[in-house]
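Reviewing the structure listed below.
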Amino acid sequence: MGVSIVVAAILLYATRPLYFSVSDMETGEVLYGARVEDGERFSVTYIHSVERSPVKEVFEVRGTEIYTMESHTESFGAGMPYEGEVMELEDGKFIISDINRPVHGGTLRIRPSSVFPHHILIGDDDIVISDEPFKGRNLEVEVTRTFFKR
């Protein structure tokens, strides 16, 4: 009986659901949270501060890691993403795909623009991070395994 309890506890621990959160980097306050599935994709969209052109970056959840998968841009000026395996032009946008690179440290850090709309799109949610309560904060996007909402 003792072994079956240990096995059950290990299985329960290993199958904890994935939880996506956006929090204030300084205080740790969670400003948005939702359950996600392994392999689920989300995007961050914004207007590039120098080029003044729209950018869409696509990320994928892999366990508790976040991977950069695609970048959609209209130009290749200073600070614009450019690395990837495949590049194509579609509807006037350069799409760089198959980037497949883990986000450094497993946590995506974002400073939303106070001038242009800045969004995180995940599932059916469009989170406008240039508005309150996100506005003016340094944000961390991370995925954790937990039974409890953060």
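Bear in mind that the values in this text are calculations on the coordinates, not laboratory data. Since we're looking at a predicted model, the values are computed, not measured. With ideal geometry, Cβ positions are generated from the backbone for all residues, glycine too; neighbour counts draw on all protein chains shown.
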Fill in the blank from the handout: Pseudo-spin-label distance V30 to K135, built 7 Å along Cα→Cβ, given in nm, is 2.5
Exercise for the section: Counting other Cβ atoms within 10 Å, keep those with at most 14, restrict to DSSP loop, and tell me which chymotrypsin sites (Phe, Trp or Tyr not before Pro) in segment 120-150 are left. Expected result: F147, F148
Problem - D125-R16 pseudo-label distance in nm [points 7 Å out on the Cα-to-Cβ vector] - result: 1.9
Handout entry: Sequence-distant residues sharing a close amide H with E65 (under 5 Å, placed H)
Key = none
